[in-house]
Structure formats: structure tokens, C-alpha cells
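Colleague: Before we start, here is the structure in question, set down as C-alpha cells.
The values are calculated or read from the model by the stated rules, or taken from the named source; none is laboratory data. Values in this document were obtained by computation on a predicted structure and should not be read as measured data. In case anyone asks, the SASA skips ligands and DNA or RNA and just uses the protein heavy atoms, side chains included. Shrake-Rupley method; radii C 1.70, N 1.55, O 1.52, S 1.80 Å.
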Amino acid sequence: MRKTLLIVLCFFFPFLAVLIAEGPSIRVLWAFLLQLLGHIPGVIYGIYRIVQD
């Protein structure tokens with residue numbers, strides 16, 4: 001249930017979803033930078049980081 005909610009959040013705020021899933025790390029910065037480059041790359045990276053376990 002938690003992963004499902006994080007994936008839904010990822011469509012709107014990928015960096016926030018990664019932050020909740022992994023805590024403060026360099027991966028949150030990557031998600032933020034990818035979202036700045038374009039929303040779709042940020043969403044893809046966020047979903048990748050959340051699903052990968």
C-alpha cells in the first residue's frame with residue numbers, strides 16, 4: 001500500500017516521493033534536477049527508485 005501511494009505521489013512530486021522512500025540522499029537531488037529538466041524524466045526516475053527494492 002505504501003509503494004502504491006508513493007508511486008501516485010511520484011506523478012506530481014517525484015523528488016518528494018524519493019525523499020519519503022529513501023530519506024535525504026543524493027538520489028533526491030537527482031530526482032529534483034531531472035524534474036527541472038523535464039517533468040517526465042523526473043517521474044521515470046522517481047518510479048524507478050521507488051520500485052527498485
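Colleague: Using a 1.4 Å probe over the heavy atoms of the protein chains, calculate the carbon and sulfur portion of the accessible area of the chain as a whole percent.
Modeller: Working: 2780 of 3640 Å².
It is 76 percent, rounded to a whole number.
Colleague: Give me the accessible area per residue for the chain, probe 1.4 Å, as a whole number in Å².
Modeller: On the way: 3640 Å² over 53 residues.
With all protein chains present, the chain gives 69 Å² per residue.
Colleague: How big is the C-alpha Rg of the chain next to the rule-of-thumb value 2.2 N^0.38 Å, as a ratio?
Modeller: Values: Rg = 9.4 Å, N = 53, 2.2 N^0.38 = 9.9 Å.
Normalised Cα radius of gyration, the chain: 0.95.
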